[in-house]
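Taking it in order: structure first as structure tokens, then the write-up.
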Amino acid sequence: MPVSTAGFVRAKAKVFSASERGFQQLEAQLSPYIDPTGELRVGRRLRNADLPEEGRHPAILSAKHPLSVLLAEACHLQLLHAGPQLWYPDYIQQLQARAKHSNQSASDH
């Protein structure tokens, strides 16, 4: 039995409402902000830790960003096809190191 137009509209509204709540929860957890260089960063994470700025407030990249994809694939291969729970910490470290290097290179020019 096909879905009616009204049923489709109601279902679409429910999906949108659920995804909006999910986004609001994620935003509350991350407290994102834009740093002076224009990068989107995590706000509250390790605010008082004795770490450089990149460690306390890592940049937020899309999962589809080319750097995200390349690093995920490299970590997966370096750890002999391990699952994400094993390669994810290494992935984050490499991502932060590359972002820091990129920021330093950009400020040198």
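Numbers at a glance
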| item | result |
| --- | --- |
| Segment 36-51: number of residues that are within 19 Å of H65 (Cβ to Cβ) and surrounded by fewer than 13 Cβ atoms within 10 Å (Cβ to Cβ) | 2 |
| Identity of the residue in segment 54-84, of a type in the set (D, E, K, R) and over 14 Å from the mean Cα position of the chain (by Cα), that ends up surrounded by the most Cβ atoms within 10 Å (Cβ to Cβ) | R56 |
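Each value in this text was obtained by applying a stated rule to the coordinates, not by laboratory testing. Since this is a predicted model, take the numbers as computed values, not measurements. For neighbour counting, all protein chains shown are included, and Cβ atoms are generated from backbone atoms with ideal geometry for every residue, glycine included.
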